[in-house]
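All remarks here apply to the structure that follows.
The values are calculated or read from the model by the stated rules, or taken from the named source; none is laboratory data. Small disclaimer: the values here were computed from a predicted structure and weren't measured. Here the Cβ is made from the backbone with ideal geometry for all residues, glycine too, and neighbour counts use every protein chain on show. Each accessible area value is taken on the protein alone, full model and side chains, heavy atoms only, with ligands, DNA and RNA left out. Shrake-Rupley method; radii C 1.70, N 1.55, O 1.52, S 1.80 Å.
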Amino acid sequence: MKVFIEHPIPTLMLFLALLILGIYSLLHIPLELSPKEEYPRISVDTQWPGASPEQVQVYLTSPLEELCSSVKGVRKIESSSSIGNSSITIEFNEKTDMNIASIELRERVASFVDQLPPGAFPPQIRPYIPKEFQTKPFLSLTLSSDLPLNKLREIADKKVKEEIRSVKGVSEVRVTGGAEPEIKIILDRDKINYYGISPGSVLSSIITLNRSYPIGKIKKGEKELIFRVPSPISKIEDIGETICGFYGKIPLRLKEIAKIEMGYGEVLSMRRINGESTVGIDILKEPGISTMKVSSSVKQVIESLKKKLPSNITLRIIDDESKEIKKRLKNLIIMMALITGIVFVLLYIFLDSFIPSIAILSSIFFSACITVNFVYFSKFSLNLLTLSGLVLGFGMLVDNSVVVFESIWKRYEIGEMGKESVWKATKEVTLPAFASTLTTIIVFMSFPFFQGRLRIYYLPLAFVIAFSLLSSYLVAFTLIPSLSSRIIKEKRVERKYRFGFYKKMVGFFIKYPLIIILLLSALFYFSYKIFRKEVSFGSFFSWYYKERLAVWISTPPGTPIERTDEIIREFEERALSKDYPKEVNTYVYPDNAYMIITFPKNIELSPAPYMLKEELINLATNFAGIGVGVSGFDPQGYYSSPYIGSMYPYRIKFLGYNFNKLKEITSNVERTLLKNPRIKEVKTVSSKWYWGGQDYYEFDLKIEREKLGIYGVTVEEILPHIYSNIKGRVTRAYLRIEGREWPLSLKIKGAEDTEIEKLKEVLVKSTKGEFIRLGEIISISETPIPGSIDREDQQFQRTVMWDYLGPYKAGERYKDALYKSLILPPGYSAKVDEPWRLTSEEERKLGLALFISLCFIFMILCAVYEDFIQPFVVMLSVPLALIGVFIAFIISKYPFDSSAYIGVILMSGVVVNNAILMVNQINLKRKEGMKIFDAIKEGAGERLRPILITSTTTIFGMLPFVLIQTERGRDIWSTLALSSVGGLTSSTIFILIATPVFYLIGERFKVWILKVLKEGF
């Protein structure tokens, strides 16, 4: 440290080099919009079209769960069995090697492929990504024209997709809208029944003929030649020559029993912009590649494509993540400039000198640049949330520099000048400054043990703030002392009575310690009581998109896409009828649709969007039997499920291994709830997403197996007849013709219109050559089924939900009381966890993190002071800070969410710093020979200015995050900043009052203990 003081110019050059390197690193770090950290989960998804949830559960989900549970490192398994789909999420322990776990899981799942039921697709294994981090396209385009939509889809596939996919950094290009071209084979029902040919045998004949068969190798001279039998199907017309069976000895060709044509497959999605049909093109990038760079490269290709495409085709960008990054980065730069300006003004007010204020302010930029270098060389990802966290801590980065400079300036004021004086002044505050920095950093030691979304959001924050504080300590004890001897040139006169009034107040406080303690205790108690009563807490942080209106539609499974489109068009037409500027994007799928409406800034700030939202909500109330949601522009929205009506805010989830027993338990809870006069409606669902749990119906087709032997048919022979006569499509395969994979669709003409009773009339040919009606060997019945069957660690789950007529907090208290009163049989449990709330495990993690942080702080203080009483005196600043936290949330009415918890943890490490400075200075005064009363007054008075400077710079550095709302509403750091600002404000005020009192009581207690021990021995 002394070497830096003696060589100020080389020191300055070193830091300027670090500053330049930091700017270079910042420009070359891939900047993302949101965190892209690995999540220790894997999803296994399996499709079985047309299967009921119970079939999916028995034949897919349960066997796969057994296989997944045997993989090493599995911590938790969740599953959902819905119509035609099995979804399993496997969560692993924190230290599990996800690459090895993924390989092991793939091996186990591969062994199950041969056991899949007929019609089920192989399981797809993907890294799990939570909803808020799902990989979204970083660039979305649309292709529109007066051409037919299917033709437009072909152009998108052949020209646009291939060009964009060749760009470096692009991982995938998805095309939606319209339908893919396919080969259609439409079987004549009467002919295949007459000739006794099954649809399955037709498909098998085509696929077999389309293969090429290797024969072997033969030598010709020195050459080795490979022999193979190529496929006789070289063009589409050749398909008709396929022999599908025999009528007697006469071969039957496919063209004699079916019509073969080129056409388009089923339309699986539709996309419109302002009512105009378009084809969508979504572009995804490789992880770790800069969004800005890839976006720039893709845009160059887009401009080139626009010149190549016909004039009647329009290619345009509708969603650009790089634009969003630039927009948020601009807002962040403005926030950074504002915070820097506020900090400078505060420094200038307190120091009353321009050059020293600039010198201390420079510690922000040097610390930030050193931190960016650390991020760059450590290969950490940098995203706007992490960058915002760094800016959030700007006010703290000057604290150490203020303490060092204040100590140096204090010696200059009493006439001690020169490098030796600077060295002594710096050395004097080394220990308290180190302790202060360490107590702030140590609170982040528990963050690496977080899991899931807590880890994704807050661990990068911990690393960035911790390293930036270490950097600020380095700057404060190297650069600031070396510059001080140059920037403080003249002897300054000490203004002895500048803070004399405070010393008099301290004298008053320590005269009446009991009154001070009683007042502070009462303030803590009453503020806490009001906080618990008025503030809602337990939610995970969230923000809503204020700048858009959203409408979503959910229709029952099997609904034709045309019917879903009719419904969403009513909302679309209502929005398009408004004469002000807007953009309406509509997305339609067979079972669901959604619509996003955005507005230009001037309309966004007008009442128009709110009025349109009310109209859309009124329109939504007219629909029954479907799910409808309308949201945006404020937290209030309309949500209705087709199976449970409106979704209720109070829920308890029940788990157990026996589904019927679980139904009995939830039925008893329903009856208990309905006894409360404030509860009128109660619903129970089996889906974790609170819909899809009731009143679906299926037709059970039972095969009379004893009759199969009598008639000489097998299950395998009759299933293709049943499937093809219900769905119309036997299956979908691919043929390789002319170097291209062509989808092949095999259908039976008119099968889509088959009624259940007519199905019994379908003829099946037996092994004896006789025709049997299906009705003779099957029976059909209608039964209700759950919309989905969800399990957690192989336990079934059911959720009881209700509405409470009264204040929300009263409803929450009733729910908590009901939950605590539950008496469940062994093997059954209940939870109040919800996706948008902190889970009980997350709350435990945060509580444990706070407890560990306080323990670490106490241990550091004990090591610094070599004492147990004084560390306890310093630690009392934490409950003093909590008073401010309670009051801040009561006044602001913000929810106390996960970021607020993190704010309290961060605040705990910061608020003790002021107490450390004061206690350390009092100790120094006592070492100089002062009596305890005089030492307390002098020590507290001399540390008043640095305490006020460090506190106000930190408070006002965070305040913009609380006061300034972005167009997207509250930011992730808003409640974190509010916790810190509230805690720091109250702790600054009360530390100045209470710490002298606590110090005096602690020292008296220490004397008493020593006296007791001495008398005892």
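All told, residue 852 falls short of being among the β-branched types (Val, Ile, Thr), surrounded by 23 or more Cβ atoms within 10 Å (Cβ to Cβ), touching a residue at least 40 places away in the same chain (Cβ under 8 Å) and under 14 Å from residue 446 (Cβ atoms).
Annotation: of all residues in the range 78-119 being of a type in the set (A, V, I, L, M) and open to solvent by 20 Å² or more (accessible area, probe 1.4 Å), the one that is nearest to residue 49 (Cα to Cα) is 83. Only residues that are in contact with a helix residue (DSSP H, G or I) (Cβ under 7 Å, 6 or more places away or on another chain) and surrounded by 13 or more Cβ atoms within 10 Å (Cβ to Cβ) were counted in the range 273-308, giving 12. Residues 748, 726, 756: which one is of a type in the set (Val, Ile, Thr) and modelled with pLDDT of 75 or more? The conditions single out 748. For the range 375-411, filtered to residues that are among the small types (Gly, Ala, Ser) and in a helix (DSSP H, G or I), the residue that is farthest from the chain's Cα centre (by Cα) is 407. Residue 863 falls short of the stated requirement of being touching a helix residue (DSSP H, G or I) at 6+ places or on another chain (Cβ under 9 Å), among the hydrophobic types (A, V, I, L, M, F, W, C), open to solvent by less than 30 Å² (accessible area, probe 1.4 Å) and in a helix (DSSP H, G or I). Looking across 905, 947, one residue alone is modelled with pLDDT of 85 or more, closer than 25 Å to residue 974 by Cβ, surrounded by 20 or more Cβ atoms within 10 Å (Cβ to Cβ) and not aromatic (Phe, Trp, Tyr). It is 905. Residue 442 meets all of the listed conditions (1) open to solvent by less than 10 Å² (accessible area, probe 1.4 Å); (2) within 22 Å of residue 898 (Cβ to Cβ) but one, namely (1). Sub-8 Å Cβ pairs linking a first residue in the range 985-1003 that is buried (at least 20 other Cβ atoms within 10 Å of the Cβ) to a second residue that is not in a helix (DSSP H, G or I), at least 6 apart or interchain, are 994/876; 995/876; 998/876, ordered by first then second residue.
Pairs meeting the criteria (first residue in the range 857-873 and touching a residue at least 60 places away in the same chain (Cβ under 8 Å) and more than 20 Å from residue 906 (Cβ to Cβ), second residue in a helix (DSSP H, G or I) and among the hydroxyl-bearing types (Ser, Thr, Tyr), beta carbons under 8 Å, at least 6 apart or on different chains) are 870/999; 873/995; 873/999.
For the range 309-328, what are the residues that are within 20 Å of the chain's Cα centre (by Cα) and either of a type in the set (Ser, Thr, Tyr) or open to solvent by less than 60 Å² (accessible area, probe 1.4 Å) (or both)?
320, 321, 322, 324, 325, 328
When residues in the range 102-137 are screened for being at pLDDT 70 or above, hydrophobic (A, V, I, L, M, F, W, C) and in a loop (DSSP other than H, G, I, E, B), 4 of them pass.
Between 374, 350, the distinction of being open to solvent by 20 Å² or more (accessible area, probe 1.4 Å) and either modelled with pLDDT of 80 or more or under 30 Å from residue 153 (Cβ atoms) (or both) belongs to 374 only. Checking each residue in the range 353-371 for being buried (at least 20 other Cβ atoms within 10 Å of the Cβ) and of a type in the set (Val, Ile, Thr) picks out 360, 364, 370, 371.
For the condition in contact with a Ser or Thr (Cβ under 8 Å, 6 or more places away or on another chain) and open to solvent by 40 Å² or more (accessible area, probe 1.4 Å), what is the one hit in 27, 21, 67? Write out each step before concluding.
Details: 27 fails: in contact with a Ser or Thr (Cβ under 8 Å, 6 or more places away or on another chain); 21 fails: in contact with a Ser or Thr (Cβ under 8 Å, 6 or more places away or on another chain).
Residue meeting the stated conditions: 67.
Residues that are of a type in the set (Asp, Glu) and outside any strand (DSSP E or B) were ranked within the range 167-208; the one that is surrounded by the fewest Cβ atoms within 10 Å (Cβ to Cβ) is 190. Looking across the range 45-64, the residues that are surrounded by fewer than 21 Cβ atoms within 10 Å (Cβ to Cβ) and assigned to a loop (DSSP other than H, G, I, E, B) come down to 49, 50.
Residue by residue, here is whether (1) out of contact with any Cys (no Cβ under 6 Å at 6 or more places or on another chain); (2) under 27 Å from residue 533 (Cα atoms); (3) surrounded by 14 or more Cβ atoms within 10 Å (Cβ to Cβ) holds:
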| site | (1), (2), (3) |
| --- | --- |
| 776 | yes, no, no |
| 781 | yes, no, no |
| 790 | yes, no, yes |
| 798 | yes, no, yes |
| 802 | yes, yes, yes |
| 811 | yes, yes, yes |
| 815 | yes, yes, yes |
| 818 | yes, yes, yes |
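Is it the case that the range 330-345 has a residue that's within 16 Å of residue 487 (Cβ to Cβ), open to solvent by 40 Å² or more (accessible area, probe 1.4 Å) and free of Cβ contacts under 8 Å to residues at least 40 places away in the same chain?
The initial filter retains those residues of the range 330-345 that are within 16 Å of residue 487 (Cβ to Cβ), namely 344.
Within this subset, residues satisfying the condition of being open to solvent by 40 Å² or more (accessible area, probe 1.4 Å) are 344.
If we keep only those that are free of Cβ contacts under 8 Å to residues at least 40 places away in the same chain as well, we get 344.
For the range 330-345, residues within 16 Å of residue 487 (Cβ to Cβ), open to solvent by 40 Å² or more (accessible area, probe 1.4 Å) and free of Cβ contacts under 8 Å to residues at least 40 places away in the same chain: present.
Just give me the residues in the range 445-486 being open to solvent by 50 Å² or more (accessible area, probe 1.4 Å) and under 19 Å from residue 424 (Cβ atoms), in sequence order. Outline the logic, then answer.
Just the residues of the range 445-486 that are open to solvent by 50 Å² or more (accessible area, probe 1.4 Å), to begin with: 445, 449, 455, 463, 467, 470, 474, 486.
Result: 486, single match.
The condition (being at pLDDT 90 or above and open to solvent by 30 Å² or more (accessible area, probe 1.4 Å)) is satisfied by just one residue among 562, 573: 573.
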